[in-house]
1. Label segment 57-138 by shape, choosing from rounded, prolate and oblate, from the square roots a ≥ b ≥ c of the eigenvalues of the Cα gyration tensor; if a/c is under 1.5 it is rounded, and otherwise prolate applies when a/b is larger than b/c, oblate when it is not.
2. Mind checking segment 69-133 for GluC sites (Glu not before Pro) that DSSP puts in a loop (not H, G, I, E or B) and that have at most 15 other Cβ atoms within 10 Å?
3. Taking 0.36 nm per intervening residue step and subtracting the Cα-Cα distance, what contour gain separates Asn85 from Asp115 on full extension?
4. For segment 69-152, run through the chymotrypsin sites (Phe, Trp or Tyr not before Pro) and keep only the ones in DSSP coil with at most 12 other Cβ atoms within 10 Å of their Cβ.
5. Can you figure out the FRET efficiency of Phe136 with Thr45, using R₀ = 35 Å and their beta-carbon distance, to the nearest 0.05?
Amino acid sequence: MNSQIKQKISLVRLVAIIVSLIVFIKPGLMFSQESHKSPNLGKLTVIITGFTNETGNCRFALDNSKFVYEREDTVWIGKVLPIVNKQVIVVIDSLQYGEYAVRVFHDENKNEIVDTNILGIPTEDYGYSNNVSSWFGPPSWDRANLFSIKLK
């Protein structure tokens, strides 16, 4: 055999060996999109609008149960996000299907709490999923576990 044919055969063997190693040793490299999909997971996008300015930040809480939602000292997923163009967009990938409630407030002075006046009425904007409100305290879990938020 001449040298050009030998080089071509060697190159084909090398490519075959590399492809075999990728497929058999690390199949996740080629099939990772299929292996991570689950019929019980989805992507949640929450768009929060109504900010009057971009001062401070948005404190975002996603709660996955009535127990977590009603506690003042905890959240299931919490994020502190910048306000851009008077809105905040939150994207959560790989979220199990279920019922969730969202709580947000505009922490203008970045002190990590909802500021209130002498009567306990919030002086910073806030909102709950499903645009629900309440006269005394946060709305119930049953009213807030949908997704449509507008700051008040």
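Only the coordinates and a few stated rules stand behind these numbers; no lab work does. Note that the coordinates shown come from a computational prediction; the quantities given were computed from them, not determined experimentally. Cβ coordinates were reconstructed from backbone atoms using ideal geometry, including for glycine residues, and neighbour counts include every protein chain displayed.
1. oblate
2. Glu72, Glu99, Glu112
3. Contour length minus the Cα-Cα distance gives 8.5 nm.
4. Tyr97, Trp135, Phe136
5. Efficiency, from the Cβ-Cβ distance: 0.65.
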